[in-house]
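Q: Pasting in a structure now, in structure tokens, and then I'll have a few things to ask.
The values are calculated or read from the model by the stated rules, or taken from the named source; none is laboratory data. Treat the numbers as computed from the prediction; the structure is a model and nothing was measured. Glycine also receives a Cβ, built like all others from the backbone with ideal geometry; neighbour counts cover every protein chain displayed. To get the accessible areas, we keep the full protein, side chains included, count just its heavy atoms, and leave off ligands, DNA and RNA. Shrake-Rupley method; radii C 1.70, N 1.55, O 1.52, S 1.80 Å.
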Amino acid sequence: MKKTVLFIAIVAMMGAEVSGRVVRRQLSIFQSSVPETETIATESMEFVYDYRCCVDTTGSLKDNFSSDNMLLQIGPDGVSKFSSYKNLTVDSLLMSLDSDQIADAAIEGKLSTGEFMTIFKNFPSGKLTHTEKICMDWFRYEEDMPALNWELTDSTCNVLGYECRAAKCNFRGRTWTAYYAEDIPIMEGPWKLQGLPGLIMKAEDEKGHYTFECIGIKSEADRPITIYKVPYNVTERKKYYNARYNYESNPYAYYESTGGGKVTVTDDAGNPQLDAYDPMELFYDFLERDWK
């Protein structure tokens, strides 16, 4: 897959509002090409999860969520990949369009991307690899496969017709409850969660700020498990979180400071919004809370 750069469209928006208050600024960057990929395994099963995260933990949880569909690909030798299904769809669309069609698709909002967080387990063997695009830059870090100390409980629930048992654990600042299906004997799950005697079909932290729930299963699949071949900033977990915090609290300044160029934010009347460049308080925290 060749990398061809045609254009980059940048749209700066004041972001999501909750109760008239801006809780997240957005810098939408539409790229016209798909990076080259490397196949690291062939999958045998795949699972689609509804992923939801709260963007304002100070108010009602009713409407304060962003969401994405995430794809868990299971391969041989314990290799797995957890990534945005939406981004996979956008990649496929980009590969099928010419430059004029890509420009039209960007204007129509068809190239809006999902989560760039991608988690590889047992790649390399015994390691967890996290890759993510922050603004224009790609980050990558490795860590030992986390050991999660699950406590099995008597609670149960039904997910997609599977009777699931519950387990709890404390992991990096959050208490998680996971529901696993013993009828799917795979010690896997969404994100970094794993290590139970059955696939984790549903998981949520105790405050309900983050949830994963399986909404689709393909028991026989042959989609390749791939990784982008891009110039990664190889880093450590906490340094990655520092970069992500700097970006999300001040995306326009981050874009400019990393060589992206000048960003101008205006109101509906075309007047510059100078306070858009001030760091803002984040009304949410990341999946792992021990990074600070």
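Q: Which of (1) basic (Lys, Arg); (2) open to solvent by 50 Å² or more (accessible area, probe 1.4 Å); (3) in contact (Cβ under 8 Å) with a residue 24 or more places away in the chain does residue 127 not meet, given it meets every other one?
A: (3)
Q: Take residue 212 and tell me if it is out of contact with any Lys or Arg (no Cβ under 6 Å at 6 or more places or on another chain), aromatic (Phe, Trp, Tyr) and open to solvent by 10 Å² or more (accessible area, probe 1.4 Å). Working first, answer last.
A: Working: out of contact with any Lys or Arg (no Cβ under 6 Å at 6 or more places or on another chain): yes; aromatic (Phe, Trp, Tyr): yes; open to solvent by 10 Å² or more (accessible area, probe 1.4 Å): no.
It is false that residue 212 is out of contact with any Lys or Arg (no Cβ under 6 Å at 6 or more places or on another chain), aromatic (Phe, Trp, Tyr) and open to solvent by 10 Å² or more (accessible area, probe 1.4 Å).
Q: Something else about it: Among the residues of the range 133-148, how many are buried (at least 19 other Cβ atoms within 10 Å of the Cβ) and within 24 Å of residue 169 (Cβ to Cβ)?
A: Count: 1.
Q: Among the candidates 220, 182, 163, single out the residue that is over 21 Å from residue 127 (Cβ atoms), among the charged types (D, E, K, R), more than 21 Å from the chain's Cα centre (by Cα) and modelled with pLDDT under 95. Steps first, please.
A: On the way: 182 fails: modelled with pLDDT under 95; 163 fails: modelled with pLDDT under 95.
Selected residue: 220, the only one of 220, 182, 163 that is over 21 Å from residue 127 (Cβ atoms), among the charged types (D, E, K, R), more than 21 Å from the chain's Cα centre (by Cα) and modelled with pLDDT under 95.
Q: Residue by residue through the range 183-200, note down the ones that are closer than 18 Å to residue 43 by Cβ and open to solvent by less than 50 Å² (accessible area, probe 1.4 Å). I'd like the intermediate steps shown before the answer.
A: First, the residues of the range 183-200 that are closer than 18 Å to residue 43 by Cβ: 184-191, 194, 199-200.
184, 186, 188, 189, 190, 191, 194, 199, 200, listed by residue number.
Q: Find the strands (runs of 3 or more DSSP E) located wholly in the range 164-271 whose residues include 3 or more that are not β-branched (Val, Ile, Thr), and list them.
A: Per the criteria, 174-181, 199-205, 210-218.
Q: Now a separate question. If you check 197, 190, which single one turns out to be in contact with an Asp or Glu (Cβ under 8 Å, 6 or more places away or on another chain) and either within 30 Å of residue 147 (Cα to Cα) or among the aliphatic types (A, V, I, L, M) (or both)? Talk me through it step by step, then tell me what you get.
A: Details: 190 fails: in contact with an Asp or Glu (Cβ under 8 Å, 6 or more places away or on another chain).
Checking each option against the conditions leaves just 197.
Q: If you check residue 121 against the conditions, is it under 24 Å from residue 207 (Cβ atoms), surrounded by 18 or more Cβ atoms within 10 Å (Cβ to Cβ), touching a Leu at 6+ places or on another chain (Cβ under 7 Å) and touching a residue at least 12 places away in the same chain (Cβ under 8 Å)? Before the answer, list the steps.
A: Working: under 24 Å from residue 207 (Cβ atoms): no; surrounded by 18 or more Cβ atoms within 10 Å (Cβ to Cβ): yes; touching a Leu at 6+ places or on another chain (Cβ under 7 Å): yes; touching a residue at least 12 places away in the same chain (Cβ under 8 Å): yes.
Judged against the criteria, residue 121 is not a match.
Q: Name the single residue that is surrounded by the fewest Cβ atoms within 10 Å (Cβ to Cβ) among those in the range 53-72 being part of a loop (DSSP other than H, G, I, E, B) and at pLDDT 85 or above. Before the answer, list the steps.
A: So in the range 53-72, the residues part of a loop (DSSP other than H, G, I, E, B) come out as 55-64.
Retained after the next criterion (residues that are at pLDDT 85 or above): 55-57.
Working: 55: 17, 56: 21, 57: 15.
It comes out as 57.
Q: Select from the range 265-286 the residues that are more than 30 Å from residue 172 (Cα to Cα), surrounded by 12 or more Cβ atoms within 10 Å (Cβ to Cβ) and of a type outside the set (Val, Ile, Thr) and list them in ascending order.
A: 273, 276, 277
Q: Let me ask another. I'm trying to understand the selection: among the residues of the range 249-264, which are among the β-branched types (Val, Ile, Thr) and loosely packed, with under 14 Cβ neighbours inside 10 Å?
A: 264
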